[in-house]
Every structure is written in structure tokens, then in C-alpha cells.
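The block underneath contains the structure these notes are about, expressed in C-alpha cells.
The values are calculated or read from the model by the stated rules, or taken from the named source; none is laboratory data. In this text, all values refer to a predicted model and were calculated from it rather than measured experimentally. Positions of Cβ are backbone-derived with ideal geometry, glycine not excepted, and every protein chain shown enters the neighbour counts. The area values use the complete protein model at the heavy-atom level, side chains included, leaving out ligands, DNA and RNA. Shrake-Rupley method; radii C 1.70, N 1.55, O 1.52, S 1.80 Å.
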Amino acid sequence: KRFPMLSLRDLQTGNFSADMIRDRVVIIGMVAASVKDTLSASAVNDELLEGVEFQAHSTSQIISAVLDGRSLIQTLPDPWEYALILIWGAFGIAIGNIRRRSNGQEKERDSPIPNLVMIVAIGGGLVGGCYGVLLLGWWLPVIPTIFAFAGTGLVTRYIQDLRSLIEQRQLMLEQRQHTLDDAFNALHNGPLQTLAGILSS
């Protein structure tokens, strides 16, 4: 929530309670629109935040870390965050490639529901794990990680289904061509051959 703020006029006229600043950290700054010292901090509130208010929140975090033992939020270095996102993306690909097997043979068309359930369950566990790590003071990139994991898992599963469908169609075309060849050979070598022999004699 917002910190109590006093104007310079309130300080000059004494229009405030002394308890407001007794044993408190007092931060002095300007909040005029002409100063243009605002920034967006959605973690604090949804509107623009004054620069002096941002300093007050930072100071509050430091004091809370010292007095309450609250851990300050830390982040991984950028290369480690990228590596984490890539690893979860690769894990999503592995989940998307899982196919049910029957008697050692891959089924021609299996349901994508188990893959979807696994992606949702593991994604929920990922969010819960990131929240638990946040409680320990570490900020992990949960949204890009979820997008990488779920996106690669779903796209991989979709590609696998398309590949399976194409293979089935190719197999059907090959069987149809084989049937046509067999019918042609049966007609050509059987009745047509006999008819050609009768005609030639």
C-alpha cells in the first residue's frame, strides 16, 4: 500500500502528527508532474509510481530484510535464465514425443490426452516450484519457461500426429497401388492372356 506523504506546506505549517515521522525513515523528494520522475512497477501497484515512492519501497525491503529476516529477491544471471528456459523447452519436446506402445509396436493413432494431461500437470508443478523458490528469495522466469515447455510439448505432439497421419495415408496409397497392380496382373495374365491366345489362333 502507499506510504503516507506530506507536502512541503504541511511541514512548514506543522500540519501533521509528530508520530508520523518519529522513529521512521523519512525520504524527501519531488512528486510534481513537471519533474517527470515516474516509473511503472506492477509488482507494487497497477499505476505509475513516483520515484521517491519507489525509493521508499526499496528502503522498506532492506529494513524488512534486516529486522524481519526477510530474504531479498535474487535473480539468476541472464545466461543461466536462458539455459533454464532452453532446458524446459527440451523437456517439453521429450514429453511431446512420448507415444503409447502396444505389444512393443507404436500405435498408429493414439490419443493426445495423456500428453496434454502431463503437460498441464508438469506445468502446474513448475509454477508451484517457482513460487516455492520465490518464497526462498529467488526469482525465476516462470512465464517464458511455461511458454517454452508447453509450446514445444504441444507443437511436438502436433507434428507427431501429422507425421503419423501422413504415414498412414502413404501406407493406404501403397496398399491401394499394390491392389491395383495385383488386379491388373490377374486380369492381364488370366482372361486377357487367354483371349489374346484365342484371337491369335
Check: Between residues in region 156-172 that are in contact (Cβ under 8 Å) with a residue 12 or more places away in the chain and closer than 12 Å to Pro112 by Cα and residues that are of a type in the set (Val, Ile, Thr) and surrounded by 12 or more Cβ atoms within 10 Å (Cβ to Cβ), which pairs lie under 9 Å by C-beta distance while being six or more apart or on different chains?
Finding: Thr156/Ile93; Thr156/Ile95; Arg157/Ile95; Arg157/Ile98; Arg157/Ile119
Margin query: Can you name every one of the helices (runs of 4 or more DSSP H) wholly within region 86-201 that holds 3 or more residues which are at pLDDT 90 or above and surrounded by 16 or more Cβ atoms within 10 Å (Cβ to Cβ)?
Written below: 113-135, 142-189
Notebook entry, point to check: Checking Ala32 against (1) more than 27 Å from Val142 (Cβ to Cβ); (2) part of a loop (DSSP other than H, G, I, E, B); (3) open to solvent by 50 Å² or more (accessible area, probe 1.4 Å); (4) out of contact with any helix residue (DSSP H, G or I) (no Cβ under 7 Å at 6 or more places or on another chain), which single condition isn't satisfied?
Noted result: (3)
Notebook entry, point to check: If Thr75 passes every condition in (1) farther than 30 Å from Val142 by Cα; (2) in contact with a Pro (Cβ under 9 Å, 6 or more places away or on another chain) but one, which one does it miss?
Noted result: (1)
Check: For region 50-70, does any single residue satisfy the condition of being open to solvent by 60 Å² or more (accessible area, probe 1.4 Å), in contact with a helix residue (DSSP H, G or I) (Cβ under 7 Å, 6 or more places away or on another chain) and under 21 Å from Leu134 (Cα atoms)?
Finding: yes
